[in-house]
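To start, the structure itself, in structure tokens.
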Amino acid sequence: MSRNIVKEGVKKVGRLIKKDKFPILEGHPIAQKHGEEAVESVGDLKKAMKFADKAKKEFRIYRWSPDNPNQKPFLQSFFVDLPSCGPMLEDIYKRREYRQTPEDRKKLDGLYECILCACCSTSCPSYWWNPEEFLGPAALLHAYRWISDSRDDFANERLQAITEDQGRLYRCRTIKNCTACCPKSLSPANAINKMKTRHLTDKPVENLEAEPEPRFGQA
């Protein structure tokens, strides 16, 4: 009962406030409703305009015209409306910086330089035989690029998605045709082997290489 009384009291107070705002429209509920909606829409519009001003990014670019060689280069401003651009400028809102050591950065060398020429995929016999199951050297090279990135928080999830079906990764027989024909001298076969090692041992390959070998007579 007490809750119902409170609700009715709140409704009465709201009606009184609305009457104070629109005394001329009293007795005309439809007109009063339209007036209230108009006031609310004006408030929403003001908020949207303030947000739109903040959501614009200014880019200043040096311009020079060959038609006017005597004119010095000048800075021209361009404004981008970030909300209307969609995901291509999504990272501009991020304020957190993911730092990376030089050692971790070096691990990405030989992984991101792929030019998507598909030479590795067309030269891979495993990809010829099982194109429906095996992902191919190009796709796996790009997958390992993100799995080995220290800034990525979903390395285990990516590896799990690749190894849910063993044919996606383990169809590679290490023939290394992909490495031999790559015009950028990359080694997809090496990246695939490192992914297999990480999946089987649950440890990055670099950590395994750093571990000391057990001596004779030690477990």
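Every number here is computed from the coordinates shown, using simple stated rules; none is lab data. Note that the coordinates shown come from a computational prediction; the quantities given were computed from them, not determined experimentally. Backbone-built Cβ (ideal geometry, glycine too); neighbour counts: all protein chains shown.
Quick notes on this one:
- Remark: Trp128, Trp146 ranked as Trp128, Trp146, counting other beta-carbon atoms within 10 Å and listing the fewest first.
- Here segment 53-82 and segment 116-174 have alpha carbon centers that stand 43 Å from each other.
- Shape category assigned to segment 102-210 from the gyration tensor of Cα positions, a/c cut at 1.5: oblate
- Prolate/oblate/rounded label for segment 99-158 (Cα gyration tensor, a/c 1.5): oblate
- Here segment 169-184 is scanned for amide nitrogen atoms under 16 Å from the site 7 Å beyond the Cα of Thr122 along Cα-to-Cβ, giving 177-184.
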